[in-house]
């Protein structure tokens, strides 16, 4: 998070940066004392990130407690913005409309939005930023499919948000990465996604946003 916060400064980004921290994280108090980002709590017990991110999105929709944001931008703590004024590029692409935008992560490129911006109306209707029941995987696939179904997906190839992932040879495959990339989780999250995309709930979501 310190690296991510520093990259916001070096790329001239003017955004509120939040770290989503599980309530039982032993370093919660240490994180909360920093001045570079704000911490949001999550009751997440899955071991993945999706539940925590949906918790955070719902918290940020509480306008009595937080500013009224037009855009919600997701990055993992292994993403690193490289392009100057990348946030303004997202704003230019999306503000005043319904949409999802993403840049080049130097790993998946146009193929998948591993980091992305999403307009408030989508977050509000979805009550989060990814599909219900997701643990950790395939929510970039979901975000891309939703953008395609809404005809509002925007790829910005000049916006570089590097993904420092083991698959790119830019991080070690440590216990944390190994846990969330286990075969069982791929199977479970894929089935959950496929079931959701065929559901009436998803059809209603697309209908409400079109």
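Please pick out the residue among 35, 87, 62 that is buried (at least 18 other Cβ atoms within 10 Å of the Cβ), out of contact with any helix residue (DSSP H, G or I) (no Cβ under 6 Å at 6 or more places or on another chain) and either touching a residue at least 12 places away in the same chain (Cβ under 8 Å) or part of a loop (DSSP other than H, G, I, E, B) (or both).
87
Hey, can you tell me all the residues within the range 123-143 that are surrounded by fewer than 20 Cβ atoms within 10 Å (Cβ to Cβ), farther than 19 Å from residue 46 by Cα and either within 14 Å of the chain's Cα centre (by Cα) or at pLDDT below 95 (or both)?
123, 141
So how many residues does the range 151-200 have that are closer than 22 Å to residue 134 by Cβ, exposed (fewer than 12 other Cβ atoms within 10 Å of the Cβ) and at pLDDT 95 or above?
Selection size over the range 151-200: 3.
Kindly indicate whether residue 69 is out of contact with any helix residue (DSSP H, G or I) (no Cβ under 9 Å at 6 or more places or on another chain), surrounded by fewer than 22 Cβ atoms within 10 Å (Cβ to Cβ) and part of a loop (DSSP other than H, G, I, E, B).
no
Which of the residues that make up the range 72-84 are assigned to a strand (DSSP E or B) and closer than 10 Å to residue 117 by Cα?
The first filter runs over the range 72-84 and keeps only residues assigned to a strand (DSSP E or B), leaving 72-74, 79-81.
Within the range 72-84, 72, 73, 74 meet the criteria.
Restricted to the range 11-32, and to residues that are without any contact (Cβ under 8 Å) to a residue 60 or more places away in the chain and closer than 19 Å to residue 72 by Cβ, which residue is surrounded by the fewest Cβ atoms within 10 Å (Cβ to Cβ)?
Result: 16.
The values are calculated or read from the model by the stated rules, or taken from the named source; none is laboratory data. It should be emphasised that the depicted structure is a prediction, and the values quoted were computed from it without experimental measurement. Positions of Cβ are backbone-derived with ideal geometry, glycine not excepted, and every protein chain shown enters the neighbour counts.
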